[in-house]
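Accompanying notes for the structure given below.
The values are calculated or read from the model by the stated rules, or taken from the named source; none is laboratory data. None of these values were measured; they are calculated from a predicted model. So basically every Cβ, Gly included, is an ideal-geometry build from the backbone, and we count neighbours across all protein chains shown. For accessibility, only protein heavy atoms count, side chains too; no ligands or nucleic acids. Shrake-Rupley method; radii C 1.70, N 1.55, O 1.52, S 1.80 Å.
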Amino acid sequence: MARTKNEKPEMSAFERKRLENIAANQAILKDLSTAAERIIPKPTPKPAALRAPRKKVVAKKEEIRPVRTSSRIAGIEADSETAKRKAEDEYELAKAQAQAKRLRVTGDLDLSQIVVEGKKWNKGDNFLSGIMRGATPYERTFTEDDIKETTDKSLKALREKMSGLELYEKFEPNRK
């Protein structure tokens, strides 16, 4: 018997399972987003009166001049050739340093030249140590005891929910 336009074809087991998985994943994402909205504070918008329209900032090219120093304290006579030469040398040096900062670095970088927080960078140090805060990949960051000791109700509920999660088992398309 031929199908009519209003008649829908029967859904296969695979398609049914796929749609169930999609619905379950969307429900999990919705629950997580609502939990995150409760935990993360919303930024307070500034009143319209306090918001000023942004103005375009036009960068002016100014000559870089060295910081002024006293020639009298340095023991140099005023209007002398030595003072003029010294000022010109300082100006050229400052100009060259400013230009060097703007140049693009090409070739290999020597990471031993990098200074972070007053210390030279060492490739033996883990530069992500401040970000990771002792967490190791693929390991839980909290235990059952941590969940029991948590006083914040929303955090406790989130931790309980997260500890109950398992990795998704593969669904073979040809499985019925």
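Taking segment 113-148 as the search range and keeping residues that are modelled with pLDDT of 65 or more, under 21 Å from I40 (Cα atoms) and not hydrophobic (A, V, I, L, M, F, W, C), which one is surrounded by the fewest Cβ atoms within 10 Å (Cβ to Cβ)?
T141
Out of E20, E10, E77, which single residue is under 30 Å from E172 (Cα atoms), open to solvent by 100 Å² or more (accessible area, probe 1.4 Å), modelled with pLDDT of 70 or more and in a loop (DSSP other than H, G, I, E, B)?
Working: E20 fails: in a loop (DSSP other than H, G, I, E, B); E77 fails: under 30 Å from E172 (Cα atoms).
Matching residue, one of E20, E10, E77: E10.
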